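None of the figures in this text is laboratory data; all of them are computed from the coordinates on show. What you see is a predicted model; the values in this text were computed from it and never measured. Heads up, the Cβs are rebuilt from the backbone with ideal geometry, glycines too, and the neighbour counts pull from every protein chain shown.
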Amino acid sequence: MNSSFFFGISTIVYLLAMIAYIAYLVFRKNPVGIAATCATVAGFVSQTIAFCLRWKEFADIGQMGLLRAVPLTNLYESLVFFVWCIILGYLIIEWKYKTRSFGAFVTPVAGVMLAFISIGGVSAEIQPLVPALQSNWLLAHVTLSFLSYAAFAISFATAIMYLILGAEKRGQLAYIFWTATLALFLTALIAMGLDFLTLKVSARSSQTFIQNYLFKATFRNESGAVMIVSVLFLFAVMFLVWRFGYMLRTLIQSFSITADMLDDLTYRLIAIGFPVFTIGGLIFGAIWADQAWGRYWSWDPKETWSLIIWFVYAFYLHARQMLGWRGNRIAFIAVVGFAVTMFTYLGVNLLLSGLHSYGAQ
Amino acid sequence: MEDEGKKQNGIVDRVWDFFASVKLAVIIFALISITSIAGTIIEQQAGPEKNIMLLNKIFSISDAHTVYKGMAAIGLTDMYNTWWFIALLLIFAMNIVVCSLDRMPGILRSMREPIKPLPPERFSSVQAGRKGLLKAAAGKSEEIVTEALRKIGFKGRVETAGGVTQICTEKGRYGRLGVYVTHLSILFIMLGAVAGMKLGYNGSLMLLEGMSSDMVKLNNGKEIPLGFEIRCDDFDVTFYPESERPKSYKSVLTIVENGREVLTKEIGVNAPLTYKSITFYQSSYGFFANRNALFKFRITPGGGAAKESAVKFGQEFDIEGSGFKARVVDFSPALAINSEGELDTFAEAMINPGALLEFSEGDNVRARQWILRNYPETWETPIGSIEFRDLWGAQYTGLQARKDPGVWLVYIGCVLMATGMYAAFFMSHSRIWILLQEESGATRISIISASNKNRAAVGRKLDRLMEDLTGSKALPDQGGQS
């Protein structure tokens, strides 16, 4: 039994959990809810086993010691870890807030993402590390960065839900903002899904993927017609989300999720993500850069954008805790924070060059 | 300071208030972020060509030149060193200093003063929290409550004043310093960075195997002396099988000072060498074909003993006991067999070096054979085994040399920031006050608690405490946040 076997199991179990969570929302029966939670936990355990096995497989093939064989070096592995973080975060929220309302949103995302990843290419391929990445700092730097990204991702979801609840009229700025953001986000996800399906690229390193394959099936296609269709599709999604956005609002309201709870959750997630990002992403990154390149800070685009993430969330924390900002405008900052995070992850490698562009073969 | 400060609203106070405001902080966050974005899009410290090409995507070529000139004039092409960006960082630093000083007296006072008992009337309000009857003999109640507190990790202090007994306790008081430690750490890092920029340097040097240098070339083109000589004795790069992906690259470096070899060390990526506060990092490598490079062979003639040999390109050498001479007539750094079955050079780096040896007897060429370093089966020749060990002197190592007297300040800053962040976000300051009142043979206890974070966890602990003391959980906690 290898790691793919357990990944397969968790994919299926997450999808079963999704059905159970939806059933729970419809029938409101406790046993159904407990079954949903059990399924999610089972999927999570299976995925954890898979992660450990993958680690061992990587160590065996790469022969560079267990500590350095972090299975987070290609796109497949990083996305799987991302799903793992999101499920972990969700389970903690479910336990702390005693609510299963979010389950119906989170498990489909996890299940569908894992399914896409396994359809999208050979998963077993393991790439050995170039010398710069052969360091014990890789483990701390990469895992903590991803953990914080995941916390920011969930805070983005809760902030968007907050805006959905808060904006009542279609002409309102907050309404236009959240519909446009959500549409952009959905379209990007669909476009990436198409990349996976048509180009079979999940075994690539994420840098190679971002530079050479991201949006190649749609927005960056060689054929101009496909590009135009993609842009038109984006506008269509924007219009549809804008037109029917109020349905989402009714949906969230029916799950007995309150705006206060969403605001509180957003804050708590950022209060976890921010220190983890500072320590794991910025500090460990700087120490590692100091040892590998002789510069702890070189204003390389990836570094600078990480600093921007840091400032945006510092802005959020100071504005909320010290200046008492609440409501739509603080939720807006949280959304901007995640947009900047996404740009740091995808956009910097796609559009800007710098030291972090490994695998730019 | 509240009252005196308001009265004499002089210029000093106004400047002070300006720098002490959180509003300034968030504005600075936004300004630094926005200006930094420009710095990641516009190529920094690069020649005009790259940026003009970039601008040409939006503007016509003549407009691109004009726009570039404008950008260069306000320093956007080297913006992290412009006066206005440095001014932003300075205001940021001032903001941190003044904010911290402003709040310091209050914080120090609260750090010095341990928890005080609450006025008894606070316990009688409806929201006072958990209440219950202690089923114990009167005199012993203080001991029992203190013991129960110990079980949930708190050290109680008994205070008796005016006939009222209160037990108060707190935990994580120093966690409140986390914010200030974090702010202080930023100053350390900035100070370290300034020290590094003013007193240190960052440069590079390229050393061919066997060569040495006592100068380092800075990024601005200036050359400065190291004060000693550094020599590359050997360089070696290995690749992953069947790929051009380097697995590791290492240089053996020797420091020569006043004509004496003082230190020899092998360095690699992530494993630098430091001598006299200058650190040498392995940063790149390359192949440079030249006539002085030496082919190193280990020759084992049929039945004879092995012998090392080092020859230049084209130089004849004897193969003892065979009467043959040999010389290298062709070389390739990366040899492979292509689809047509011919030998083919596929890369510039020394991935699979091969030497074409020509064997001659007297004046007659007898044979030619390619010998590949990575393939022992090619070493067997008609006159014995010739192992191709290395081509020495044809690879150069690219080193990054750095002197940074401020780096230790940065490291202290990093440690402080990690500790401060941990304290600020993951430690909570919880306080508990328990009032004990004698009531016809039993003791009535009332509990008030306050916590600046994670109130639910404290609540759960208090539930356990109540269960321990009274046998039931009593009222839920309504403790306030402070």
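Overview of results
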| item | result |
| --- | --- |
| Distance in nm between pseudo-label sites at residue B:426 and residue A:212 (7 Å out along the Cβ direction from Cα) | 3.9 nm |
| Distance-filtered residues of the range B:90-126 - backbone nitrogen under 18 Å, label point 7 angstrom along residue B:17 Cα→Cβ | B:95, B:98-103 |
| Other protein chain Cβ atoms within 10 Å, averaged over every residue that makes up A:346-352 | 1 |
| Most positive-pole-ward Cα, B:274, A:221, B:305, against dipole of the protein assembly as shown from beta carbon charges | A:221 |
| Inter-site label distance for residue B:240 and residue B:329 at 7 Å from Cα along Cβ, in nm | 3.9 nm |
| Structure-based [θ]222 nm, the protein assembly as shown - -39500 (n - 2.57) summed over DSSP H runs of at least 4, per residue, nearest 500 | -16500 deg cm²/dmol |
| Packing-based ranking, highest mean first, of B:224-233, A:26-35, A:303-312 given that Cβ atoms within 10 Å are counted | A:303-312, B:224-233, A:26-35 |
| Diffusion coefficient, µm² s⁻¹, Stokes-Einstein with Kirkwood Rh over alpha-carbon pairs of the protein assembly as shown at 20 °C and 1.002 mPa s | 67 µm²/s |
| Sorted by Cβ neighbour density within 10 Å, fewest at the top, the residues A:214, A:144 | A:144, A:214 |
| Assigned charges on the beta-carbon of Lys, Arg, Asp, Glu; the range B:2-111 dipole about Cα centre (debye) | 100 debye |
| Calculated FRET efficiency for the pair residue B:62/residue B:375, C-beta based, R₀ 51 Å, to 0.05 | 0.30 |
| Descending principal axes extents, the range B:294-396, alpha-carbon based, whole Å | 37, 32, 24 |
| Residue among B:67, B:35, B:82 farthest towards the positive dipole end of the range B:2-111, charges placed on Cβ | B:35 |
| Additional length obtainable on full extension of the chain from residue B:222 to residue B:261, 0.36 nm per residue less Cα span | 11.3 nm |
| For the range B:209-266 and the range A:68-100, distance of Cα centres in Å | 43 Å |
| Mean separation of Cα contacts under 8 Å (6+ apart) over length of the range B:2-111, as relative contact order % | 37 percent |
| Residue order, fewest to most beta carbons within 10 Å, for A:162, B:180 | B:180, A:162 |
| Potential extension, residue A:189-residue A:351 segment - 0.36 nm per residue separation minus Cα distance | 56.5 nm |
| Relative contact order %, chain B, counting alpha carbon pairs below 8 Å whose residues are six or more apart | 20 percent |
| Shape of the range A:200-296, Cα gyration tensor, a/c cut at 1.5 | oblate |
| Inter-chain Cβ neighbour average for residues A:287-298, partner chain, 10 Å | 6 |
| Test item: A:87-97 mean partner chain Cβ contacts at 10 Å | 0 |
| Kirkwood-based Rg to Rh ratio, the range A:1-129, C-alpha trace | 1.04 |
| Highest average packing first - B:271-280, A:82-91, Cβ atoms within 10 Å | A:82-91, B:271-280 |
| DSSP H segments from chain B that extend 24 Å or more along their own axis, Cα-based, with Kyte-Doolittle mean of 1.0 or above | B:22-41, B:83-112, B:178-199, B:407-426 |
| Span-like helix ranges in chain A, DSSP H, alpha carbon extent 15 angstrom or more, Kyte mean at least 0.0 | A:3-27, A:30-62, A:75-97, A:103-119, A:137-166, A:173-199, A:224-254, A:259-276, A:301-321, A:328-342 |
| P(r) tail fraction, the range B:1-83 - alpha-carbon pairs more than 19 Å apart, % | 56 percent |
| Radius ratio Rg over Rh of the range A:196-236, counting only Cα atoms, Kirkwood formula for Rh | 1.04 |
| Neighbour-count order for A:270, A:164, fewest beta carbons within 10 angstrom listed first | A:164, A:270 |
| Length-normalised contact order for the range B:294-396 - Cα pairs under 8 Å, 6+ apart - percent | 28 percent |
| Pairwise label distance in nanometres, residue B:468 with residue B:87, each label 7 Å out on the Cα-Cβ vector | 6.0 nm |
| Chain lengthening between residue A:180 and residue A:321 when straightened (0.36 nm per residue, less Cα-Cα) | 48.0 nm |
